[in-house]
Amino acid sequence: MENQQNRTLGAFEKTFWLLDQIDSKDFVLAAEIDGRETEEAWQLAIKKVQQRHPNLSVKIVMDPFHRPVLKHVPGMEIPLRTVDVENDYRWEQEAEKELSTRFNTETGPLVRVVLVQKPENTVLLVAASHTISDGTSLTYFIRDVLSAVTGQELEPMKAQRSNDEEVGFPEDVAIVGQEQATSLENNFKPVFPKVSTLRIDRETTHKIIEKSRLEGTTVHGVLCAAVLIASRKMRPEWADKKIEMISPVCSRRALKLDDNFGLNITTQAVYFEEEQHLTFWDIARLAKAELEGTHTVEHVKNYLGIFRDLTFNSADLQRMIEVLKEAFNHQIMVTNLGRAKFHSDFGKLQIKALYGPMVRSGKGHEQTVGAITCNGSLSLTNTSDSPITGLLPAIEKIVREACE
């Protein structure tokens, strides 16, 4: 079995790599954990997880044909930063630091881990480059680290193919006859996103799940409706503006993929205009309806086709970037990982809650609401360079009232 990753980037991977040349597209997931372990034990566990997942030991370089490729780096170590704090420490500031610190994709590694050690509890934060990862991948990373640190053995996984290869598309064309590709004019600007979090109790989470079913929608539809209503009310310039809302869609189910660490998503835009006369549940049903058909191979093919047209078969990388600069102008992203797909009991360590994804999904002024359900409770995050103060409590209030 090939456990080393060496291949060209797929179309959406290349898109994230190109976007990262002009604006940070790194992201973070966090786990609140009851219990503690030594820093040495965590470091050893991370090393074992790295040996399991090929994408955790790569850098991104240009091949002789002017294509960005994933290249295995022997002996690469994932950095672990430890912070010893008191119980009232706000761990979100560590997520903000990680989102403000760029990855060097030319050298790797493309993942970092932060361990926030409280007197009796732990917060594990994982930051990653979006070129090689998605939110679900980070949940599997956390699961595997907890499995390893509590003594479980991890089986190595085969190097994952790109989604393009999975649907039968050829790799990026080799460009010959040119001495070099167009140079990239990197003009990195520092970013300082802010992160807020909120955890909804089990009883309310259960009500949301049951009520959304009765109303013919989903938890994701409920969140989209609540975020939209709250944002229009709290940001006056959005009150009557046409709103573009993006939802990432996991492609693992459509492509029958395993738990490998990689980028396996598409996105779907929903546009809201003059919907203010609709009821909350009408908006929630509309949000659900607009996502129909996104969990199919056909959708993945069509989505990849758009970015293949933009980013493949050319050495003019700067032209690609100029085109992509005009994309991703949404006001809101709701990125919902759903229910955690693994148990929370790891013996001496117990996952209390998961938070994220925390990411700057556009130009920085958008509101990126992350959601994930663990232990029966829905956790929310909001990440933005220009956050709407109090957005998450407003979302919770709207949802509670709607579910009464």
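Okay, here's what the table says:
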item	result
Segment 1-58: GluC sites (Glu not before Pro) in DSSP coil with no more than 10 other Cβ atoms inside 10 Å	Glu2
Span per principal axis, largest first, for the Cα atoms of segment 271-333 (Å)	50, 27, 15
Segment 28-84 shape via C-alpha gyration tensor axes, a/c threshold 1.5	prolate
Residue order, fewest to most surrounding Cβ atoms within 10 angstrom, among His130, His72	His72, His130
Fraction of antiparallel bridges per DSSP, the chain only, in percent to nearest 5	80
For segment 213-255 and segment 1-66, distance of Cα centres in Å	29
Efficiency of FRET between Asn6 and Arg90 - r from beta-carbon atoms, R0 30 angstrom, step 0.05	0.15
Between segment 91-127 and segment 322-400, the Cα center-to-center distance that results, in Å	17
Cleavage-rule hits (GluC sites (Glu not before Pro)) in segment 90-129: DSSP loop, at most 15 neighbouring Cβ within 10 angstrom	Glu106, Glu120
Ranked packing of 216-228, 253-265, most packed first, by mean Cβ within 10 Å	216-228, 253-265
Proportion of all alpha-carbon pairs of segment 7-166 beyond 18 Å (%)	59
Amide N proximity, segment 146-164 versus Thr38 label position 7 Å along Cα-to-Cβ, cut-off under 15 Å	149-151
For segment 196-403, the Rg and Dmax computed from alpha carbons only, in angstrom	17.8, 54
Burial ordering of Val176, Val114, fewest other beta-carbon atoms within 10 Å first	Val176, Val114
Chain lengthening between Thr150 and Ile175 when straightened (0.36 nm per residue, less Cα-Cα)	4.2 nm
Cα-based convex hull, the chain, per residue volume (Å³, whole number)	136
Residue-count net charge about Pro119 - beta-carbon cut-off 13 Å; Lys, Arg +1, Asp, Glu -1	-3
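None of the figures in this text is laboratory data; all of them are computed from the coordinates on show. What you see is a predicted model, and the numbers here were worked out from it, not measured in a lab. Here the Cβ is made from the backbone with ideal geometry for all residues, glycine too, and neighbour counts use every protein chain on show.
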